[in-house]
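What follows is calculated from the coordinates using simple rules that are stated; it is not laboratory data. Keep in mind that what you see is a predicted model, and the values were worked out from it rather than measured. Positions of Cβ are generated from backbone atoms using ideal geometry, with glycine treated the same way; all protein chains shown enter the neighbour counts.
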Amino acid sequence: MKALLDKMKMIDASQLDYKKLFDFILPFEPRDIAYKEFLPKIVNPKEYSRRILMLNPIELVLIHWPPGVESAIHLHEGFWGYVGVLEGEALNVEYTIENKTLIQNRAVIVKRSGLIPEPDGVIHKITNASLTKPLITLHFYFPAMPNLDGLKLFSTDGTIVELNSKAPSASLFLPKDCYKSYKKSQFSFEDGSKGKTHLISPIIPKPSNKEIKEMIQDYYTEQAHSYDNSDLEDDKRRIYVDAINKIIVKEFLRIKPHKVLDLATGTGRRASKIKEMTGLDYELYGVDLNLEMCEQAKKKGIIAYCSDWLDVSIKDEDMDIITMLYSFGHIPSSSERIQFLEKIHFKLKPGGVFYFDVFNINDPYEWGPRALALFEEYNLDYFGYEKGDVFYKRKEMEKVSFLHYFEEERLVALLESLGFEVESVVHMGYVHKSGEILSGIEGKLLIKAIKK
Ligand SMILES: [Fe+2]
């Protein structure tokens, strides 16, 4: 801790800005900070405890959060900084106020060694996401606030309170003499996820490739019994999938394949349906990580391998067609994507075709632009992210999954560098103009890549 305090003392406050402070904090390594001896004791298990470690030239505060405890929703007005997670799991929830409505927006999980940005003007709250373990955070603020005088807090019932210098914490449950003002019915509250089926659910730092694969497996296991019906639940997705299937069936009828391999085949439902639609009698192979889904694929007559594509050994190396529908984006990193594509290239016969579809990072109707904003605002390149990485969950479910969104030109260039010729990229409407072939930047991308 002493080394960190000494380093912070070196900051020239007259030159400091938001970006420079971030650079100054780096590298943020909890294992190098002996914080335990400075930890403020929990007085009330329903409130966090804070200890100011430094006020000049910046403010450094150590906060100890009991399980499940959260800050009030508060506004950063004229002060800004970062919160480093030393231990535990913080949930940072951000809000905006528009037309007297407080809208709940992003919710980001930040784990040990992650940093939460708190720019000037942000309205947010931090919660200890664990109901069993403590959360310990280190807060870097500028300019320093020797007390909480003037801090504005929001309650979702529409109340705005302003603290005075007596307030010991940013809480809505303090004695009345801790408040400068207490105004009711100031705004209405709206959950920004209303009407949405899936939510972005970022995790900082980015989990390892192995962890991401396990997360994706858990996500699909959670829905293994209902997944075959989820397309039907969502009209837009069904229309999209039907439109892609039609294009693929037309291609199959022209190519007349003998051997087709479907990667991430899941329950095999879609690959079987495509085969049925073609009326062709080809050998259908499948690979899927998820054991339970893979067993269901076998029951549909698919020669299914329950494994990671990179580990699986299929003797035949003369596939006429390989498909990977709706799931190429689940591959956790660019290095694995390259290995995936190299193996696909190897397993195809010369002239064989690889069809796959991906989310387009530039589609304004999709999560790509939001993922890019998050990437910049949360400095995600520092935390292992690649531009286009998105963690998400079904709103009513627990498990989080991962998808990568792609930039068309870069993806085409990658495929060509690996020995494919990209014959076509179809832009297909998904949420917006579902099932329509689009031009410009809209739509998901269906790629047809031929082994040269
Ligand atoms: Fe804050």
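For a distance above 42 Å, tell me the whole-number percent of Cα pairs in the chain that qualify.
When every Cα pair of the chain is considered, 28 percent fall beyond 42 Å.
Within segment 374-403, list the residues whose amide N lies under 16 Å from a label point set 7 Å along Cα→Cβ of Glu336.
What the label zone holds, given the 16 Å backbone N cut-off, is 384-392, 400-403.
For the pair Asp281 and Asp32, what calculated FRET efficiency results from E = 1/(1 + (r/R0)^6), where r is the Cβ-Cβ distance and R0 = 60 Å, to the nearest 0.05?
E between Asp32 and Asp281, to the nearest 0.05, is 0.40.
Taking every pair of alpha-carbon atoms in segment 103-168, give the share separated by more than 19 Å as a whole percent. List each step's numbers first, then the result.
On the way: 1027 of 2145 pairs.
Cα-Cα pairs in segment 103-168 separated by more than 19 Å: 48 percent.
When ranked by the protection proxy of mean other Cβ atoms within 10 Å per residue, highest first, what sequence do the peptides 93-100, 82-89, 372-379, 337-344 form?
The densest-packed peptide leads the list: 82-89, 337-344, 372-379, 93-100.
If pairing requires two Cys Cβ atoms under 4.7 Å apart, which cysteines of the chain are left without a partner?
So far as the 4.7 Å Cβ criterion goes, Cys178 stand without a partner in the chain.
Just to confirm the filter: which GluC sites (Glu not before Pro) across segment 273-330 are DSSP coil and have at most 13 other Cβ within 10 angstrom of their Cβ?
Within segment 273-330, the qualifying GluC sites (Glu not before Pro) (loop, at most 13 other Cβ atoms within 10 Å) are Glu317.
Please give the peptides 265-272, 426-433, 11-18 ranked by average Cβ packing (other Cβ atoms within 10 Å per residue), highest first, as a rough proxy for protection. Could the numbers behind the result be given before it?
Working: 265-272: 22.4, 426-433: 18.9, 11-18: 11.0.
By packing density, highest mean first, the sequence is 265-272, 426-433, 11-18.
Between Phe406 and residues 5 or more places away or on another chain, which pairs have amide H atoms under 5 Å apart, with H built 1.01 Å from N, and which residues are they?
Residues meeting the amide H criterion: Phe359, Asn360, Ile361.
Tally Lys/Arg at +1 and Asp/Glu at -1 over every other residue whose Cβ is under 10 Å from the Cβ of Tyr219; what's the total?
Within the 10 Å Cβ shell, the charges total -1.
List Leu135, Leu446 from most exposed to least, where exposure is judged by having the fewest other Cβ atoms within 10 Å.
Going from sparsest to densest Cβ surroundings: Leu446, Leu135.
Please report the net charge: other residues with Cβ closer than 15 Å to the Cβ of Phe173, K and R +1, D and E -1.
Local net charge: 0.
Normalized C-alpha radius of gyration of segment 322-452, against 2.2 N^0.38 Å?
In units of the 2.2 N^0.38 Å rule of thumb, it is 1.08.
Find the centroid of the Cα atoms in segment 402-452 and in segment 27-68, then give the distance between the two in whole Å.
Centre-to-centre (Cα) distance: 48 Å.
Can you list the residues, at least 5 places off or on another chain, whose amide H is less than 5 Å from the amide H of His198, using H built in the peptide plane?
Lys395
If packing is taken as the mean number of other Cβ atoms within 10 Å per residue, what is the order of 103-113, 32-42, highest first?
Packing order, densest peptide first, comes out as 103-113, 32-42.
Which far-off residues, 5 or more places away or on another chain, put their amide H under 5 Å from the one on Met54, with H placed in the peptide plane?
Distant-sequence amide H within range of Met54: Leu60.
Taking Cα centroids, how far is segment 111-162 from segment 186-203 in Å?
That distance is 19 Å.
From the gyration tensor of the Cα coordinates in segment 209-451, what semi-axes in whole Å does the equivalent ellipsoid have, largest first, with each one equal to sqrt(5λ)?
26, 21, 19
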